[in-house]
Amino acid sequence: MKNEKRLIPPPLDKTSAEFNRQLICDLLNEGALQALLDLGTDDASWQHQGEICKNKDEIAELLNKRNQRLLHYRWHSTIWNYSEERLSLQIVSEWQHCSSGQWYRSNGQLLLSFNESALITGAVSTSQDHKISADSRELFKPQ
């Protein structure tokens, strides 16, 4: 079943850029991989940490691999900038590595482009991972 949540189509303004940012953030934090993929075109491209994906199937493979090694993943973003059909986010995430148990905080940027149907056509992300102690986590709050 297709995701019921949809992005607001271009041209983006402050309100629609914030809505789109929050929707993407929520889906990442929920681990809703299929819903996130449904926000993109079939031929969307994604570049992340030297890996280049040229369609939705390759993006799904990349995200599945990543999700298998990142435990307790928490993602936060703020709008860096936006234009009519592009959104730039500053991102921070915290996660625990599946095999070592080491906690990390990742800081970076995510650049998104949208088509007139409000689907993501391209994404470029980059981030740097920094080891942190479990006590210094800011985004992940145990229940």
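What is the magnitude of the charge dipole of the chain about its Cα centre, with +1 placed on the Cβ of each Lys and Arg, -1 on the Cβ of each Asp and Glu, and no other charges, expressed in debye to the nearest 20? Can you show the working numbers first?
Numbers: 16 positive and 19 negative charges, 94 e Å.
Its charge dipole is roughly 460 debye.
The simple spin-label model puts a point 7 Å past each Cα toward its Cβ; for residue 80 and residue 19 those points are separated by 2.5 nm. Between residue 97 and residue 4, what FRET efficiency comes out of the Förster formula 1/(1 + (r/R0)^6) with R0 = 35 Å and r the beta carbon distance, rounded to 0.05? Computed FRET efficiency for residue 4 and residue 97: 0.60. Placing a label point 7 Å from the Cα of residue 126 along the Cα-to-Cβ direction, the residues of the stretch 73-87 whose backbone N falls under 20 Å from that point are 76-83, 86-87. With kT/(6 pi eta Rh) evaluated at 25 °C and eta = 0.890 mPa s, and Rh the Kirkwood radius from Cα pairs, the stretch 53-100 diffuses with a coefficient of 192 µm²/s according to Stokes-Einstein.
Remark: the stretch 2-44 carries a charge dipole of roughly 120 debye about the Cα centre, counting +1 on each Lys and Arg Cβ and -1 on each Asp and Glu Cβ.
The calculated FRET efficiency for residue 116 paired with residue 136, based on their beta-carbon distance and R0 = 41 Å, is about 0.40.
Calculated accessible area for the stretch 1-44 comes out at 54 Å² per residue, all protein chains present (probe 1.4 Å; ligands, DNA, RNA ignored).
The values are calculated or read from the model by the stated rules, or taken from the named source; none is laboratory data. The shown structure was predicted, so the numbers you read here are calculated from the model rather than taken from an experiment. Don't worry about glycine lacking a Cβ; one is built from the backbone with ideal geometry, like all the others, and counts go over all protein chains shown. To get the accessible areas, we keep the full protein, side chains included, count just its heavy atoms, and leave off ligands, DNA and RNA. Shrake-Rupley method; radii C 1.70, N 1.55, O 1.52, S 1.80 Å.
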